[in-house]
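Take a look at the structure set out below.
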Amino acid sequence: MRIRCWGSRGSFPVSGMEFIRYGGDTACVEVESSKGDVVLLDAGTGIRAFGNQFAAAQEKVVHLVLSHAHLDHIMGFPYFQPIYDEHAILNIYGGQCGAGSMETALRKLMRPPYFPVDLSALPAEINFHEVGADTFNIGVLKFTPIRLNHPNGGCGYRIEEKGKVFIFLTDNELQRDNPDTGLYEYFEGLCEKADLLIHDAEYTEEEYPQHESWGHSKYTDVIKLALAAEVKRVGLFHLNALRTDDQMDAIVADAKKIIRESGAATECFGIGTGFEVVI
């Protein structure tokens, strides 16, 4: 399973010299199975760069799995080149969100006064698949939905192939008490011994008190989860839009120090545009 990041910022895209190393696009992660099945996780502005290579690709089927419908996770969709290709087939997976279904949310996004092209006018074949609590498969990849602790709800995903496990948990607040998730126990069980965990790490300890209940985590809580679940590798994701490269490097260095002092062998890194790993 190959995982590649096309965008890792939270809230809104940024640009400037201080955001070069980690990039400025919002959430979009590509997962490719050993059999060549390609799935995109979320449609932030990072999806545009992936879509630009689509015209030359032999494969005209795209699978898009959405975590939720907040704007930073779908704002790239209207600029995703495959939706304007009459030969393309786009399968979109997502659960219920604040607007109802994911299809309803995207239809609201792609209509005046927000966008000039209506979803119904797109030439690509677009199929919507409702995500509930049950597992589902895309090619040889098995997806298990994970309830996010986030305003308006949402889904993270446990993705498995041939005994390898990748956990994608963006926009998830670990510390806030939520009876639906059962705090850490719920997430620990689903993340146990995963090969790779990519998790929301929006805040520092100092920032969190002003943003409690906003649906995002302190990076220190992400490390606690990774250690408790004994994951092999943990990637810090949904980077604060105001976080510079140097500030992010300092956070990664501190996270590695926490892991080192615990005696664990877990690897840790900040997820930026262009990040790629094979598990």
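FYI, it's all coordinate maths here, none of it is from the lab. Since we're looking at a predicted model, the values are computed, not measured. Glycine also receives a Cβ, built like all others from the backbone with ideal geometry; neighbour counts cover every protein chain displayed.
Side notes on the structure shown:
- Efficiency of FRET from Cβ geometry, residue 175 and residue 247, R₀ 22 Å, rounded to 0.05: 0.55
- Estimated vicinal HN-Hα couplings, Hz - the range 230-241 in sequence order (Karplus 6.51, -1.76, 1.60; Gly, Pro = x): 6, 6, 7, 9, 10, x, 8, 10, 6, 5, 3, 4
- Amide proton proximity set for residue 270, modelled H, under 5 Å, gap of 5+: 236
- For the chain, built as a Gaussian network whose Cα springs stay under 10 Å, the top-fluctuating residue of 77, 128, 143: 128
- The range 41-159: C-alpha gyration tensor shape, a/c 1.5 cut-off, then a/b vs b/c: oblate
- Sites matching trypsin sites (Lys or Arg not before Pro) across the range 19-76 that sit in DSSP coil, with at most 10 neighbouring C-beta atoms within 10 Å: 35
- Counting beta carbons within 10 Å around each of 79, 208, 114 and listing the fewest first gives the order 114, 79, 208.
- Under 22 Å from the Cα of residue 232 - lysines, other chains or at least 8 residues apart: 142, 162, 164, 193, 218, 224, 256, 257
- Lys, Arg +1 and Asp, Glu -1 on Cβ, resulting dipole of the range 2-278 about Cα centre, debye, nearest 20: 460
- Interchain or long-range residues, amide H under 5 Å from residue 275's placed H: 5
- Each principal axis of the Cα cloud of the chain was evaluated for its coordinate range; sorted largest first, these ranges are 55, 40, 38 Å.
- Shape call, the range 98-224: gyration tensor on alpha carbons, a/c limit 1.5: oblate
- Computed [θ] at 222 nm, helices only, for the chain once each DSSP H run of length n ≥ 4 contributes -39500 (n - 2.57): -5500 deg cm²/dmol
- Computed FRET value (nearest 0.05) for residue 35 with residue 278, which takes r as the C-beta separation and R₀ as 22 Å: 0.95
- Spin-label model, residue 53 to residue 101: label points 7 Å out along the Cα-to-beta-carbon direction sit 3.2 nm apart.
- 222, 140, 234 arranged by Cβ crowding within 10 Å, fewest neighbours leading: 140, 222, 234
- Once the C-beta distance of residue 267 and residue 185 is scaled by a Förster radius of 25 Å, the resulting FRET efficiency is 0.55 to the nearest 0.05.
- Among beta bridges from DSSP that stay inside the chain, the antiparallel ones total about 50%.
- Placed amide H near residue 88: partners under 5 Å, 5+ positions off or other chain: 125
- Relative contact order %, the chain, counting alpha carbon pairs below 8 Å whose residues are six or more apart: 19
- Taking the centroid of alpha carbons for each part, the range 39-113 and the range 203-279 are 27 Å apart.
- Within the chain, the whole DSSP H helices whose Cα atoms reach 24 Å or more along their own axis and whose mean Kyte-Doolittle score is at least -1.0 are 245-262.
- Residues 47, 138, arranged from fewest to most other Cβ atoms within 10 angstrom of their Cβ, appear as 138, 47.
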